[in-house]
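These notes concern the structure reproduced below.
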């Protein structure tokens, strides 16, 4: 699809579901913003446009797959400065740079900092859309990983102090009898705590529990001390 064709199309944007991927556009040229918004809608995504970096920073973080089309030459806070700030505040947001001019050092800086693409205006619409698709897929994967990690942390928080102690020792490979001796409780009590840990953590096997502990970066000695 050619970008110019979409720019001149007369389109009526239908309402889209709230879980529709969002493509943010930050550009101080209103013509570019409106043209890109039409292009984005044609792909079934939801555009959100901003005339400056500071205006964009005032918006809430998206909880759906998203990508940012960012003009390099912005007033006040330019594209590279915004990219640096987003790397710390919204690392899950992929960035596609567009600019009216580009030099090799600037392009290299942006790409080394994680930009998906650096396009010079006027650019090919298909190239832009392919970059955005890649960005949205990357965002989807990162959001899914974040959601699963949050759920895992919540399951761990649901454990009692004693259950955390038992978990911290079990994942090191100790037998129930050894765990009991370490904590000064009976083997039967250890089995009961271990069963509840497996249930609350939604672990199907000891191997599952070990992987969860690894993902949580648990330190057995710290857990015991805290408990």
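The values are calculated or read from the model by the stated rules, or taken from the named source; none is laboratory data. Remember, it's a predicted structure, so these values are computed and weren't measured experimentally. Methodologically, a virtual Cβ is constructed for each residue, glycine included, from the backbone with ideal geometry; neighbour enumeration extends over all protein chains shown.
General observations
- Residues within segment 22-61 that are assigned to a loop (DSSP other than H, G, I, E, B), crowded, with 20+ Cβ neighbours inside 10 Å and either at pLDDT below 95 or outside the structural domain of residue 121 (by TED's automatic domain parsing) (or both), tallied: 1
- For residue 126, the requirement of being modelled with pLDDT under 95 and either under 30 Å from residue 205 (Cα atoms) or surrounded by 13 or more Cβ atoms within 10 Å (Cβ to Cβ) (or both) is not met.
- Of the helices (runs of 4 or more DSSP H) lying entirely inside segment 123-219, those carrying at least 3 residues that are assigned by TED's automatic domain parsing to the domain that holds residue 32 are 125-157.
- Here 74, 68 are screened, and the one residue that is part of a loop (DSSP other than H, G, I, E, B) and crowded, with 21+ Cβ neighbours inside 10 Å is 74.
- Filtering segment 98-117 for residues that are in contact (Cβ under 8 Å) with a residue 60 or more places away in the chain, assigned to a loop (DSSP other than H, G, I, E, B) and surrounded by 13 or more Cβ atoms within 10 Å (Cβ to Cβ) leaves an empty set.
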